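> Got a structure here, written out as structure tokens. Questions coming.
The values are calculated or read from the model by the stated rules, or taken from the named source; none is laboratory data. The shown structure was predicted, so the numbers you read here are calculated from the model rather than taken from an experiment. A quick note on method: Cβ atoms are made from the backbone with ideal geometry, for glycine too, and the neighbour counts reach across all protein chains shown. Side chains are part of the model used for accessible areas, which takes the heavy atoms of the whole protein and leaves out ligands, DNA and RNA. Shrake-Rupley method; radii C 1.70, N 1.55, O 1.52, S 1.80 Å.
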Amino acid sequence: MRAQLKPAIIMLALLTLITGIVYPLVVMIIAQVAFPARANGSLIMKDGQAIGSRLIGQSFNDPKYFWGRLSATGSFPYNAGASSGSNYGPLNPALLQMVQGRIDALKAADPANTQLIPVDLVTASGSGLDPHISPAAAEYQVTRVARVRGLDEAVVRQLVAQHTEGRDLGVLGEPRVNVLELNLALDTTQSH
């Protein structure tokens, strides 16, 4: 038994060193050199302070801002420690109540808007953290944001276009708008 125990302990220590220290350290160094912004959370900085990440949504409900997707992360919105979807089926009363609540909020913020509400404005994403909305969801909100901010709709549409990301590698995913980046751009745009 002692003859088997010694090699087992040596292998445990060696593999722990390789897989627990050496490999993560090598991966971290490669990531810091090749992709420093992504390796550090894709943070958005303003005046030397991190104000968010390009990868995690934030809650906006002021009519002067574009609103993102609903978050389904539990006790508070966009909690990266509780990433998950709502797991509500299409007939679940809780889902229907959540969707109706968001419809009511959107209509209250812009009662004159008679467009169909894009589905991504009234449902949560699979992670509950999605920082993006569809270009259609952004278009739905252009009139409200322009009116509240005293901006021309064409200026707001131009900002949306500037912050619309295309498909990855030209074929993967759908076009999308990062809500935080768009709202930061709006905050630097002056009304006429």
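> Going 7 Å from the Cα of residue 119 along its beta-carbon direction, which residues of the stretch 146-176 have the amide nitrogen within less than 18 Å of the resulting point?
So the set is 173-176.
> Given the rule -39500 (n - 2.57) for each run of at least 4 DSSP H residues, summed and divided by the residues of the chain, what is its mean residue ellipticity at 222 nm, to the nearest 500 deg cm²/dmol? Walk me through the intermediate numbers first.
Numbers: 7 runs with 83 residues, N = 192.
Value at 222 nm, helices only, nearest 500: -13500 deg cm²/dmol.
> For residue 103 paired with residue 5, estimate the spin-label separation in nm (one decimal), with each label point 7 Å from Cα along the Cα-to-Cβ line.
For residue 103 paired with residue 5, the spin-label model returns 7.0 nm.
> Still on this model: Out of all DSSP beta bridges in the chain, what portion is antiparallel? Express it as a percent rounded to 5.
Values: 10 of 11 bridges.
Around 90 percent antiparallel, to the nearest 5.
> Enter the angle in degrees (range 0 to 90, nearest 10) between the Cα long axis of helix 23-34 and the first principal axis of the Cα atoms of the chain, meaning the one along which they spread out most.
The angle comes out near 40 degrees.
> Checking the a/c ratio against 1.5 first, then a/b against b/c, what shape does the Cα gyration tensor give for the stretch 113-192?
Numbers: a/c = 1.93, a/b = 1.46, b/c = 1.32.
In terms of gyration-tensor shape, prolate.
> Hey, another quick one. Given a 1.4 Å probe, how much area per residue of the stretch 43-192 is accessible, in Å²? If you can, show how the numbers build up before the last one.
On the way: 8120 Å² over 150 residues.
Using a 1.4 Å probe on heavy atoms only, each residue of the stretch 43-192 averages 54 Å².
> Here is a further query. Which residue, 104, 47, 62, tops the fluctuation ranking in a GNM of the chain built on C-alpha contacts under 10 Å?
So, out of 104, 47, 62, the one fluctuating most is 47.
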